[in-house]
Amino acid sequence: MALKLRIGSASCVAVREPAAGDGRGGGARGEGGRVRGDRRRLRHAAGGARRRHQRPALERRMPHARPHLVKEVHMQYLEAGADVIISSSYQATIPGFLAKGMSLDEAEDLLRTSVKLALEARDEFWKSTLRKSKPIYNRALVVASIGSYGAYLADGSEYSGSYGADITIEKLKDFLRRRLQVLAGAGPDLIAFEAIPNKMEAQALVDLLDEENIQVPSWICFSSVDGKHLCSGESFADCLQILNASEKVAVVGVNCTPPQFIEGIIGEFRKQTKKAIAVYPNSGEVWDGRAKRWLPAECLGHKSFDALAKRWQEAGASLIGGCCRTTPSTIRAVSKILKGRTGH
Ligand SMILES: [Zn+2]
């Protein structure tokens with residue numbers, strides 16, 4: 001019950017942390033150049049501009065050899081006021097690790113490590129804030145991240161939802177089964193299925209949570225490039241119907257979606273579901289592939305990300321945060337405005 005109250009509170013801030021990496025990259029961000037993005041791209045719906053999904057430099061190294069960097073980024077987000085931190089396992093998959101020459105045991109250990117590092121950061125940070133005379137933080141929840149099958153393929157299908165004719169619900173479940181078992185067993189407060197681009201994968205996740213009788217509550221977030229549909233073009237309503245039928249799904253939402261679409265999406269979700277809603281869009285910046293640089297987030301108009309976050313809260317979102325190209329500074333501003341704080 002306590003957990004439900006936390007999820008339902010309107011001041012939670014969700015962030016994504018650097019991926020442990022399986023050689024294919026991971027949803028991540030960092031500040032101060034510690035964790036840099038790579039060059040995996042995705043098509044932006046408007047005008048065919050390219051958007052870059054940020055990836056950590058850690059991916060090219062053995063991630064478990066530098067756990068302090070992962071932990072340090074978690075700490076930066078906690079210090080910024082995040083109430084929820086997400087493990088660095090977005091694209092960490094067992095087949096990906098095996099392809100890198102690791103054993104099954106090593107692969108499973110790395111998955112566990114991604115959750116362990118977030119738990120350690122949370123616990124250490126919480127202990128240190130308790131020692132302060134005026135604690136302004138909540139004890140953060142640790143969420144184990146699981147990216148979509150398309151994120152593993154790293155062929156753009158993460159943003160098109162097109163997994164090809166050979167992919168079935170059974171194949172998706174088999175791909176995910178062990179990874180889910182290992183991450184759920186690592187002791188997170190929640191499991192997050194992120195940037196899910198199509199209905200078939202939503203069904204596979206719900207089926208698998210049941211089949212494996214996963215006791216850790218989950219959230220499932222879709223991604224969208226037009227604000228009206230999943231990346232596949234399928235409707236939010238159809239997919240939410242699938243999630244509504246599962247008691248194991250505690251939260252539904254969208255991530256890695258341009259911020260200007262979020263308010264409309266929350267309105268649509270509120271018509272379709274009674275579950276808590278999470279939104280953590282990207283920064284709205286657009287990657288200019290020709291000039292090889294980021295273009296400013298013109299979609300925000302004169303509004304700042306944190307001002308929009310306040311509107312998302314008023315529109316009914318319970319968990320609000322940032323995905324690609326957002327940083328601890330973003331979360332600091334969002335946390336401040338949602339919690340009505342001055343200073344800090
Ligand atoms: Zn993202």
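Quick note: the coordinates plus some simple rules give every number you see, no bench work behind them. This one's a predicted model, so the numbers in the text were calculated from it and none came from an experiment.
In whole percents, the pair-distance distribution calculated for the stretch 188-278 from its alpha-carbon pairs, binned every 10 Å from zero, is 17, 57, 23, 2.
Listed cross-link partners K274/K310; K271/K303; K116/K336; K228/K271 are compared with a 24 Å cut-off, the Cα-Cα value being larger for K271/K303; K116/K336.
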